[in-house]
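Quick note: the coordinates plus some simple rules give every number you see, no bench work behind them. Note that the coordinates shown come from a computational prediction; the quantities given were computed from them, not determined experimentally. Because the Cβ atoms are built from the backbone with ideal geometry, glycine has one as well, and the counts that use them run over all protein chains shown.
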Amino acid sequence: MRNSNHLILKRKVAFHTLGCKLNFAETSTIARTLPDDRFERVSADSRADIYVINTCTVTDTADRKCRQAVRKFAHRNPDAFIAVVGCYAQMRREEAASIEGVDLVLGTYEKFDLASYIDNLQKRTAPGIHSCETVDTDEFMASWSAGERTRSFLKVQDGCDYHCSYCTVPLARGKSRNPAISEIVAEAEKIVAGGVMEIVLTGVNVGDFGKSTGETLEQLLESLVKVNGLQRLRLSSIEPNLVTDRIIDIVSEGKVLLPHFHIPLQSGNDRVLGLMRRRYRREVFRDRVMKIRERIPDAGLGADVIVGFPGETEEEYADTYSFLESLPLSYLHVFAFSPRPGTPAAEMPGAVSRQEKEKRSRQLIRLSESRRMQFMHNASGQIHNVLFEKRGHDGTVTGLTGNYIRVMTPRVKGLPGSIRQVRLTSLRDDSSMNCELTDKEA
């Protein structure tokens, strides 16, 4: 667009990301492909000429959030060009295109070529749909998040070969694949050179790293902890059957790879795990959790749990609850089962009622809060290194310990963007902790 003096006016573009850390890394990468001389990136909370929604489709809640975002942006600027991209656009392209206000639909592969699809930003009566029927590729689209000096999400793996009975991710993202360790190390060096202090490794199934290159996650971690200037490295999530003794040892041996494990359990009942087509049984999960707690007593240990899977009886749910209650976990992420079209679980008999799923969810959320509070209570008085990030509205600065405790402290000049040694003091009502600086740089 040009003004009367023939100067090109930049279009304001806002990105809105739904779902996992991998999506955040990819959103940042897509944004960097837009030419700076034509586009100006603005907050999703502001009025923009273009809104890009990078979607998730793990649950029906994720689908609903996409529809809500479209309505919100269309209301804010009825003339805005709205693009829906990513997993929801891949799996439910016609449904995404039918949302009033949507002008463009791009699948999981096509979204990386966004710039070539938005030359014409006129509102469309019929949205453009560009989404291949299936994702069957060996190509890996490198991605990492930029824009924050504290933390960057670095994509090291994509796709999944596990085909759990409830999950659409293999359909949306294709088979497991990864770049070479040397390429990832080079990306990490660039990220660190930009001033970032913590890198979070992301992927669909990070523990499956190496399928494409004959390498292993252990080798990747051993290489990354040696990157000059990298102060903190964090794993996002890893399957229990892929948590090796060597990975636990690497965390326990050094200060770079942080003592935080998020391990999806999904069910604590072996029959339900079989229905889910998970590649382990609950004793594998228990063994890994206890091994981590033995080697790294203060490690943060979280788990994902699905309640109300088709056929899950009250007794089997109670089995899951008692199993979780018996483990030294720090927190839980609880999800009510949501049938996804095209998956085997969507056709399974024995549907659990919405009311029953909500009841089971509430019980596990209460257990999670109890474990989180106990974990933080046990940490009172401990000394930790904290990466401080954001200024709060109440005159505080927030940050994270290595073992994933959120902390707050009164604002001090120069604190955001630094790693400082603190003493954890007391619990707050918002599931975080107060802390006091020890006046030492970490």
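Solvent-free Debye calculation, one equal scatterer per alpha-carbon of the chain: log10 I(q)/I(0) at 0.06, 0.07, 0.08, 0.14 Å⁻¹ equals -0.27, -0.37, -0.49, -1.50.
Based on Cβ point charges of +1 for Lys and Arg and -1 for Asp and Glu, what charge dipole magnitude is obtained for the chain about its Cα centre, in debye rounded to the nearest 20?
Values: 62 positive and 58 negative charges, 243 e Å.
Approximately 1160 debye in magnitude.
Going by neighbour counts of Cβ atoms within 10 Å, the residues ASP270, ASP430, ASP103, ASP60 line up, fewest first, as ASP430, ASP60, ASP270, ASP103. Among 220-227, 382-389, sorting by the average number of other beta carbon atoms lying within 10 angstrom of each residue, highest first, gives 382-389, 220-227.
Averaging over all projection directions, the Cα-based convex hull of the range 264-379 occupies 7.0 nm² in the image plane.
Placing +1 at every Lys and Arg Cβ and -1 at every Asp and Glu Cβ, with all other atoms neutral, what dipole size does the range 383-441 have around its Cα centre, in debye to the nearest 20?
On the way: 9 positive and 7 negative charges, 26 e Å.
Here the range 383-441 has a charge dipole of around 120 debye.
Counting only Cα atoms, the size of the range 201-342 along its three principal axes is 52, 36, 20 Å, in decreasing order. Calculated on the alpha-carbon coordinates, the convex hull of the range 383-441 measures out at 72 cubic angstrom per residue. The ranking of PHE24, PHE261, PHE39 by Cβ neighbour count inside 10 Å, starting from the fewest, reads PHE39, PHE24, PHE261. This ranking places THR401, THR33 by how few other beta-carbon atoms lie within 10 Å of each, fewest first, which gives THR33, THR401.
Highest average first, the peptides 123-131, 143-151, 210-218, 13-21 ordered by how many other beta carbon atoms sit within 10 Å of their residues are 13-21, 143-151, 210-218, 123-131. Report the rotationally averaged projected area of the range 72-208 based on its alpha-carbon convex hull, in square nanometres. With every direction weighted equally, the projected area is 10.1 nm². Quick check: Cα centre of the range 255-286 to Cα centre of the range 306-382, how many Å? With the range 255-286 and the range 306-382 each reduced to a Cα centre, they are spaced 13 Å.
The range 39-60 and the range 385-442 have Cα centres spaced 30 Å apart. Calculated mean residue ellipticity at 222 nm for the chain: -9500 deg cm²/dmol, from DSSP H runs with n ≥ 4 weighted as -39500 (n - 2.57), summed, divided by the residue count and rounded to 500. For the range 1-105, the mean projected area of the C-alpha convex hull, equal to one quarter of the hull surface, is 6.7 nm².
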